[in-house]
1. Given a 1.4 Å probe, how much area per residue of region 130-213 is accessible, in Å²?
2. In whole angstrom, how far apart do the alpha carbon centroids of region 271-299 and region 26-77 sit?
3. Share of Cα-Cα pairs in region 164-225 beyond 14 Å, in percent?
4. Taking the Cα-to-Cβ direction at His106 and at Ala314 and moving 7 Å from each Cα, how far apart do the two end points lie in nm?
5. List the lysines whose Cα lies under 23 Å from the Cα of Lys109, skipping any in the same chain that are fewer than 8 positions away.
6. For region 23-72, count all C-alpha to C-alpha pairs, find those more than 13 Å apart, and express that count as a whole percent of the total.
7. Per residue, what volume in Å³ does the convex hull of the Cα atoms of region 5-91 enclose?
8. May I ask you to give the solvent-accessible area per residue for region 1-99, in square angstrom, as obtained with a 1.4 angstrom probe?
Amino acid sequence: MRRNNERKPLVTNIYTADPSAHVFNGKIYIYPSHDFEHDCPDDDNGDQYIMQDYHVLSMDNLDSECVDNGLALHENDVPWVKNQMWAPDCVCKNGKYYLVFPAKDHEGKFRIGVAESDSPVGPFKPQENYIQGSYSIDPAVLIDDDGRTFCYYGGLWGGQLEMWQSGEFNPDEHRPEGDEPALGPMFAEFNDEMNAFITEPKHLQILDENGEPLKAGDEDRRYFEGPWMHKHHGKYYLSYSTGTTHYLCYAEGDSPDGPFTYKGRIMEPVLGWTTHHSVVEIDGEWYLFYHDCELSGGVTHERCVKYTKLNIDADGNIETIRPYDETQG
Ligand code: FUB
């Protein structure tokens, strides 16, 4: 039986997207992008996503009202940020909450920064500078069972991942295509203080059924953006958006940095250009938080976050969600 608020916009007072959901102290917290309303046209560079701040959403439980806790961090308060505060995540470490977020620096390069708070809803105090060596977008952070903290990140096209292939920023860099190996996502380990990477960022490999890296032209399966990592029965599940083909897919591995083997599709396309998600265990069941553009009637930069139950079998296989199928779930 579906819950009353399942597959419906969780808040309607603001546009929200890219939900990273977590359970902290028994309560559900959602860290979304806060979409900015405007009438300018969309482009392939994502220039329409001109978000300026973050609001944290919370729910006492899955049936309760979803509350917008107001301003948690604004771009004007982050010294290194010029604009475009995109998809964030948050982790709780040693009693502190760390908001991990991407934004463009004053040179127009996407970087990843951290802001901290004693409360899961902020306000968050930003670190002076971005994480050295970070680039691109969509950070998702996993604290593993041994306390090590891993950051998964990176996005193609407007997310600039292709532009860093040489190790230096090159806006004219070739985009891998056809039979060339696909890029990303990126992987690095945070230090305990959450203010530096302690490993050199590296590309993770997603392999096909023959153990070969997925190819750039395999757009139904290759990584585009929006990584998420969840752990289930000791296995690591990397899920992500395929961008241009609008799917959410997942791959399985035995260690946090892979390699991962492609397993299947988590979700068919939603209304809008694409979706971005998180996978979280709540009271012993698994849920997918995601977004579509229902609230704005399809305006791709005015999105709304939703959730739905995920069916995961004992072997970790995830049943594909058909987001508008009333007979499912
Ligand atoms: O919200 C801006 C960008 O759109 C995100 O970073 C991507 O994952 C896509 O959802």
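1. Each residue of region 130-213 exposes 46 Å² on average to a 1.4 Å probe.
2. 13 Å
3. Working: 1217 of 1891 pairs.
Of the Cα pairs, 64 percent sit more than 14 Å apart.
4. 6.0 nm
5. Reachable lysines: Lys82, Lys125, Lys202.
6. On the way: 780 of 1225 pairs.
When all Cα pairs of region 23-72 are counted, 64 percent exceed 13 Å.
7. Details: hull volume 10.5 nm³, N = 87.
Spread over its residues, the Cα hull of region 5-91 gives 120 Å³ apiece.
8. Computed with neighbouring chains in place, this is 44 Å² per residue.
The values are calculated or read from the model by the stated rules, or taken from the named source; none is laboratory data. All of these numbers come straight from a predicted model, not from anything done at the bench. Here the Cβ is made from the backbone with ideal geometry for all residues, glycine too, and neighbour counts use every protein chain on show. Ligands, DNA and RNA are stripped out before the accessible areas are found, and what is left, the full protein with its side chains, is counted by its heavy atoms. Shrake-Rupley method; radii C 1.70, N 1.55, O 1.52, S 1.80 Å.
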